[in-house]
Amino acid sequence: MNKIKIGLFGFGKTGKLVAHEFINNESFELVWVAKRSASEDFIFASDALGLKGQSGKIVPISEINKEFFTNNPVDIIVDFSDTSGVNYYAPAADLGIKIISAISQYESGDMEYLKNLGLKTAVLYSPNITIGINLILMAAQIFQNILPHADIEIIEEHFRNKNEVSGTAKKIADTLGLDEETQINSIRVGGIVGKHEVIFGLPNQTIRLTHESISKAAFGQGAIFAAKWLINAGPGLYCMEDVIKNRVKEQLLEKQMEEKASSNYLQQFKNKILGLFK
Ligand SMILES: NC(=O)c1ccc[n+]([C@@H]2O[C@H](COP(=O)([O-])OP(=O)(O)OC[C@H]3O[C@@H](n4cnc5c(N)ncnc54)[C@H](O)[C@@H]3O)[C@@H](O)[C@H]2O)c1
Ligand SMILES: O=C(O)C1=N[C@H](C(=O)O)CCC1
């Protein structure tokens with residue numbers, strides 16, 4: 001089966017772990033990694049990560065244009081750079097290259113831009129691409145529907161020098177109709193990768209939905225989960241909830257098919273037994 005070809009923007013704290021996950025996954029080929037500036041020390045990301053082989057040729061972002069994409073074709077671009085990465089999407093979208101943007105907080109207008117690119121190719125945007133946080137987001141919506149009178153607060157914890165409020169917490173607050181200014185509580189200590197808690201307060205009980213990223217590798221695994229779905233998606237702007245809901249539908253369909261097959265089998269078996277007595 002052909003491997004899914006990946007081009008990665010950003011080789012920083014998270015990009016390095018994401019590259020590692022893609023290189024070690026047999027369904028993917030990491031073709032190139034675009035950095036802000038060329039690396040004096042390494043030709044391939046695999047070299048920089050101490051891995052065998054030659055995966056992820058390191059290129060400076062200054063070389064990224066339509067000609068580069070044509071000569072170095074990939075199926076999907078995965079962006080863990082920063083908000084400037086979006087400036088390089090259009091020539092890729094024109095060529096039908098799909099895009100996964102994991103930039104946690106965009107400037108105003110960038111989301112509309114991604115939506116427009118979705119007219120040409122499949123674009124998935126996720127401010128927190130772990131599978132777990134998106135399951136929390138879906139569960140929180142269900143809890144809020146069942147418990148409309150609950151008090152809700154969000155606690156987000158990250159590493160000390162993360163300056164901005166978590167984009168993930170803002171997405172959760174926006175989804176639940178909370179006030180970002182007063183209902184998100186931020187904690188900055190040590191090297192916490194990322195922890196989010198949604199607290200539902202009721203008179204006689206408290207419900208807590210908690211997700212903790214233990215390693216930035218979780219973001220690579222989320223990107224892989226998303227890429228395996230996006231490769232077959234048509235043009236449009238998608239989020240991780242779309243991927244998870246689709247996976248749930250597939251599993252329900254598989255179970256229905258199994259149950260149907262087993263009930264057919266049981267019916268055939270019963271007919272055979274009854275046939276013995278005729
Ligand atoms: N969606 C998620 O699940 C998730 C998880 C972690 C981090 N992030 C986001 O990923 C981004 C990177 O996070 P980080 O912790 O690795 O930061 P970082 O600063 O360690 O790494 C970013 C790297 O990208 C490089 N860069 C900047 N602009 C670039 C461009 N146009 N092309 C290529 N490289 C470029 C920088 O030089 C830097 O090396 C941030 O936006 C962060 O919010 C998202
Ligand atoms: O490392 C970061 O920075 C992260 N930022 C995201 C956010 O702001 O929500 C979450 C994942 C880690």
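The values are calculated or read from the model by the stated rules, or taken from the named source; none is laboratory data. What you see is a predicted model, and the numbers here were worked out from it, not measured in a lab. Cβ atoms come from the backbone with ideal geometry, glycine included; neighbour counts cover every protein chain shown. Note: accessible area is taken over every heavy atom of the protein model, side chains too, but ligands, DNA and RNA are not part of it. Shrake-Rupley method; radii C 1.70, N 1.55, O 1.52, S 1.80 Å.
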Restricting the range 95-126 to residues that are closer than 20 Å to residue 217 by Cα and modelled with pLDDT of 95 or more, the one farthest from ligand 2 (Cβ to nearest atom) turns out to be 99
Residue 112: passes all of (1) surrounded by 13 or more Cβ atoms within 10 Å (Cβ to Cβ); (2) in a helix (DSSP H, G or I) but (1)
ask   = Is the range 5-23 home to any residue that is open to solvent by less than 20 Å² (accessible area, probe 1.4 Å), small (Gly, Ala, Ser) and more than 25 Å from residue 218 (Cα to Cα)?
value = no
Checked pairs for the range 126-144, first within 16 Å of residue 225 (Cα to Cα) and open to solvent by 40 Å² or more (accessible area, probe 1.4 Å), second part of a helix (DSSP H, G or I) and within 11 Å of ligand 1 (Cβ to nearest atom), C-beta under 6 Å and 6 or more apart or across chains, list as 131/222
Residue 58: passes all of (1) in contact with a strand residue (DSSP E or B) (Cβ under 7 Å, 6 or more places away or on another chain); (2) farther than 23 Å from residue 230 by Cβ; (3) more than 15 Å from ligand 1 (Cβ to nearest atom); (4) open to solvent by less than 30 Å² (accessible area, probe 1.4 Å) but (3)
Does residue 45 satisfy the condition of being aliphatic (A, V, I, L, M), within 11 Å of ligand 1 (Cβ to nearest atom) and within 18 Å of residue 223 (Cα to Cα)? no
- Message: Could you go through the range 248-265 and let me know if any residue there is farther than 22 Å from residue 104 by Cα and of a type in the set (Phe, Trp, Tyr).
- Response: yes
Looking across the range 26-51 at residues that are open to solvent by less than 40 Å² (accessible area, probe 1.4 Å) and of a type outside the set (A, V, I, L, M), the single one that is nearest to residue 2 (Cα to Cα) is 28
Of those in the range 66-96 that are in contact with a helix residue (DSSP H, G or I) (Cβ under 6 Å, 6 or more places away or on another chain) and over 17 Å from residue 18 (Cα atoms), the residue most open to solvent (accessible area, probe 1.4 Å) is 66
Query raised in the report: Among the residues of the range 176-192, is any within 19 Å of the chain's Cα centre (by Cα), surrounded by 14 or more Cβ atoms within 10 Å (Cβ to Cβ) and not polar (S, T, N, Q)?
Result: no
